[in-house]
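The structure appears right after this line, and notes come after that.
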Amino acid sequence: MRLPRVEDIEKRLPTPEDFTSRARGTELTARVGTALGITFGICFLTGMWSHFQYDPPGWLPIGPQPTQLYRVTQGLHVMSGMAAIPLLLVKLWGVYPRLFILPPKKLSRAFVVDVLEKASIGVLVAAGIFQLASGALNIAQWYPWAFSFRRTHEAVAWVAIGALLVHIAVKLPIIRTALGADLEDRDDDHHDSTDDDDEQHGPTRRSVLLGASAASGLAVLLTAGQTVPFLRKISVFGVRDGDGPEDLPINRTARAARTDKTALDPNFRLEVMVGGATMAFSREQLMALPQRTHRLPIACVEGWSRSALWTGVSVCDLIELAGGNPDSDVKVRSLQTKGGFGTSDLPANFVRDHRTLLALELNGEALTLDHGYPCRIIAPNRPGVLQTKWVRQLEVKA
Ligand code: HEM
């Protein structure tokens, strides 16, 4: 059997001219691309802000103020990610015929440049699709993969942003011309839009751009309710509708964290360790200490958030009571044995803030088991995964 020659394959491939929609053109792709670039830029910056919450670098001012910041940034992360999905689809539809522009025949500088450019666009498209798909599946709590979402999503974010910057640098002259031109301008080989065989060429660029903006807006509207309270009723795709025991959603149950027995142990004691000394408190003894009440948000890394009224002992009061200096970093340990968040680090600037509580009550009722009974951490401006539940030990770091 004779292998097909390159020419034979080329003959079977469609050519860009075979795609006749009058909507395609750099004037459209440049505008959709700009919107897409903005959503990816917001995703990257808010994503890196989330990344730094886990291990705050000394140069970055991460602290309890402003109280709602992480709620806003991670909500924005997911909203702009959702907005990017229809934009990416329209962008790919717009540029897809260009994939069939064949590289120059001879091995020349032009050939190398063409192949490199196609390769960089390939990396950008693959990384972009991965970020949006992995992010959307993650917040839907469906993890059809064996890798660490957080680490991989962060690593591919750098690839996506790097490839995006290369793409913008290479395409800048074209982008500027296209953005400066009228949307329906025809400076390329597409048919003139005044042709009366409109039905052949389908929608105009303006209607495609309007459609893309509407789809993007709708994607945000249908998910934003998990962050924006007044949209809660219409955001049918919001992963959390805001309801849960004590009027607050649950991400990890006591059963999933394997604390459903240990947390109900009547001999439970919270240990506060300062230097070599340890002070132990039963829940009743904690309830007898001076209580503080604050309205603070739970802001999940998945983008949903909800404010609630928390009552308990402030961590700085407890540390002081145990003879420690509240201007210290504190290691928090949980009864939780399953999952990655059985411990967390409370930096000194959170400990010093009396709104950082060892909470015993939620919305005026004793904490339920799934909300972290017998006691849990709640601090302003912190990702939900670091608001440790079922706390058994606070250790002042030397
Ligand atoms: C539909 C779109 C997206 C969704 C739903 C989404 C969702 C998420 C979630 C849930 C996290 C928190 C991970 C965790 O702490 O466990 C996260 C982190 C992050 N995201 Fe996205 N994301 C999306 C798109 C993007 C895009 C387009 C970029 C960048 C180009 C990006 C960059 C990041 C970065 C850098 C982090 C920090 C990861 C870390 O903590 O190490 N995300 N994203």
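The values are calculated or read from the model by the stated rules, or taken from the named source; none is laboratory data. The model shown is predicted, which means the values in this text are computed figures rather than measured ones. Heads up, the Cβs are rebuilt from the backbone with ideal geometry, glycines too, and the neighbour counts pull from every protein chain shown. To get the accessible areas, we keep the full protein, side chains included, count just its heavy atoms, and leave off ligands, DNA and RNA. Shrake-Rupley method; radii C 1.70, N 1.55, O 1.52, S 1.80 Å.
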When only residues in segment 40-64 that are assigned to a loop (DSSP other than H, G, I, E, B) and open to solvent by 20 Å² or more (accessible area, probe 1.4 Å) count, which is nearest to the ligand (Cβ to nearest atom)? D55
Note on Y373: of the conditions (1) open to solvent by 20 Å² or more (accessible area, probe 1.4 Å); (2) free of Cβ contacts under 8 Å to residues at least 24 places away in the same chain; (3) in contact with a Lys or Arg (Cβ under 9 Å, 6 or more places away or on another chain), unmet is (2)
Could you grab the pairs with beta carbons closer than 9 Å, sequence gap of 6+ or different chains, first residue in segment 1-25 and under 20 Å from K105 (Cβ atoms), second one assigned to a helix (DSSP H, G or I) and open to solvent by less than 60 Å² (accessible area, probe 1.4 Å)? L13/F100; P14/P97; P14/F100; T15/P97; T15/F100; P16/P97; P16/F100; E17/P97
Taking segment 150-180 only, how many residues are near the ligand (Cβ under 10 Å from one of its atoms) and basic (K, R)? 2
For segment 125-149, give me each residue that is touching a residue at least 60 places away in the same chain (Cβ under 8 Å), near the ligand (Cβ under 7 Å from one of its atoms) and open to solvent by 40 Å² or more (accessible area, probe 1.4 Å). none
When Q387 is evaluated against the numbered criteria (1) away from the ligand (no atom under 16 Å from the Cβ); (2) touching a strand residue (DSSP E or B) at 6+ places or on another chain (Cβ under 7 Å), which criterion, by number, is the only one it fails? (1)
Every pair of residues 6+ apart whose Cβ atoms lie under 6 Å, when the first sits in segment 301-316 and is within 16 Å of the ligand (Cβ to nearest atom) while the second is open to solvent by less than 10 Å² (accessible area, probe 1.4 Å) and assigned to a strand (DSSP E or B): V301/P383; S305/P297; S305/A299
In the set H191, H153, H201, which member is open to solvent by less than 50 Å² (accessible area, probe 1.4 Å) and modelled with pLDDT under 90? H201
Has segment 27-34 got any residue that is of a type outside the set (A, V, I, L, M) and within 16 Å of the ligand (Cβ to nearest atom)? yes
Restrict the check to segment 103-113 and report whether at least one residue is of a type in the set (F, W, Y), part of a loop (DSSP other than H, G, I, E, B), more than 9 Å from the ligand (Cβ to nearest atom) and assigned by TED's automatic domain parsing to the domain that holds G37. no
Within segment 321-348, how many residues are surrounded by fewer than 18 Cβ atoms within 10 Å (Cβ to Cβ) and among the polar types (S, T, N, Q)? 3
Could you list, in sequence order, the residues of segment 109-129 that are out of contact with any Gly (no Cβ under 9 Å at 6 or more places or on another chain) and among the β-branched types (V, I, T)? V112, V113, V115, I121, V125, I129
List the pairs whose first member sits in segment 349-361 and is more than 17 Å from E271 (Cβ to Cβ), whose second member is small (G, A, S) and surrounded by fewer than 21 Cβ atoms within 10 Å (Cβ to Cβ), and whose Cβ atoms are under 8 Å apart, counting only residues at least 6 apart or on separate chains? N349/G63; F350/G63; D353/G63
Applying the selection to segment 349-364, what residues are open to solvent by 10 Å² or more (accessible area, probe 1.4 Å) and either farther than 22 Å from G275 by Cβ or within 23 Å of the chain's Cα centre (by Cα) (or both)? D353, H354, R355, E361, N363, G364
Filter segment 342-359 down to the residues that are in contact with a helix residue (DSSP H, G or I) (Cβ under 8 Å, 6 or more places away or on another chain), outside any strand (DSSP E or B) and among the polar types (S, T, N, Q) and list them by number. T356
Let me spell it out: the conditions are (1) touching a Phe, Trp or Tyr at 6+ places or on another chain (Cβ under 6 Å); (2) within 11 Å of the ligand (Cβ to nearest atom); (3) aliphatic (A, V, I, L, M), and A83 meets all of them except one. Which number is the exception? (1)
From the list L394, L367, L318, L309, exactly one residue is surrounded by fewer than 21 Cβ atoms within 10 Å (Cβ to Cβ), modelled with pLDDT of 95 or more and hydrophobic (A, V, I, L, M, F, W, C). Which is it? L309
